[in-house]
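Undergrad: Please find one structure pasted underneath; my questions will follow.
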Amino acid sequence: MRQTRLSLMHLCAIMPKGSEPKMTKGTYILCMRLDEQREITIGKLGTFLFPAGYYLYVGSALGPGGLEARLAHHLASQLARERPYWHIDYLLPYVRLVEVWSVTSDQRLECRLAQMVLGMPGAQVVAPGFGSSDCRCPTHLVYFKTKPTTEALRAKCHPHALTITTLSSPA
């Protein structure tokens, strides 16, 4: 299993300049890569065959701590936390986090962005209900055989609404 170790400094890079990171609310998309096909159990949702490729997971961070706290939680999950909480926590130990895309807003945009991601070229659902047990979306995790670009998503958003951050392992 390949793991990328990231620091909070990398995660804070998604915050707009001049904002207070702990107060920044928004919606985010984790762009992840799975190097080998793998069968993974996602809690009570079930066991799914995840093909090698790229995955976009859409989540929201509207509570206390905002984007910084939520992404720090996901980072801890990627490093194999003992007790997964959300569906994404079950998948994170097996993938490499490539980028974080975010929209800073206190509005609930998670489902709208998930629908936009599902409409991108090459999008496929491999785990129905993933991340969407509290809404009517088919999924909040979308598979792509090749790395998706942000252009298709940007075309559906306000031109400056989406912040893209590439994450890399510290040397």
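Undergrad: Considering each of Leu49, Leu30 in turn, give the residue that is of a type in the set (A, V, I, L, M), assigned to a strand (DSSP E or B), touching a residue at least 12 places away in the same chain (Cβ under 8 Å) and surrounded by fewer than 20 Cβ atoms within 10 Å (Cβ to Cβ).
TA: Selected residue: Leu49, the only one of Leu49, Leu30 that is of a type in the set (A, V, I, L, M), assigned to a strand (DSSP E or B), touching a residue at least 12 places away in the same chain (Cβ under 8 Å) and surrounded by fewer than 20 Cβ atoms within 10 Å (Cβ to Cβ).
Undergrad: Please work out if Lys44 is at pLDDT 90 or above, farther than 25 Å from Lys145 by Cα and assigned to a helix (DSSP H, G or I).
TA: So Lys44 passes the test.
Undergrad: Does at least one position in region 6-15 carry a residue that is buried (at least 21 other Cβ atoms within 10 Å of the Cβ), outside any strand (DSSP E or B) and modelled with pLDDT of 85 or more?
TA: no
Undergrad: Pull out all pairs, ordered by first then second residue, where Cβ-Cβ is under 8 Å, the residues are six or more apart or on different chains, the first lies in region 81-106 and is without any contact (Cβ under 8 Å) to a residue 40 or more places away in the chain, and the second is of a type in the set (Asp, Glu).
TA: Close Cβ pairs satisfying both conditions: Arg81/Asp89.
Undergrad: Still on this structure, I have one more. When you look at Arg38, is it on the phi < 0 side of the Ramachandran plot and surrounded by fewer than 19 Cβ atoms within 10 Å (Cβ to Cβ), yes or no?
TA: Against the criterion (on the phi < 0 side of the Ramachandran plot and surrounded by fewer than 19 Cβ atoms within 10 Å (Cβ to Cβ)), Arg38 qualifies.
Undergrad: When you go through Thr146, Thr166 one by one, which is the residue that is modelled with pLDDT under 85 and either under 21 Å from Gly53 (Cβ atoms) or crowded, with 17+ Cβ neighbours inside 10 Å (or both)?
TA: Result of the check over Thr146, Thr166: Thr166.
The values are calculated or read from the model by the stated rules, or taken from the named source; none is laboratory data. Computed from a predicted model, the values in this text were never measured in an experiment. Using ideal geometry, Cβ is built from the backbone for each residue, glycine included, and neighbour counts are taken over all protein chains shown.
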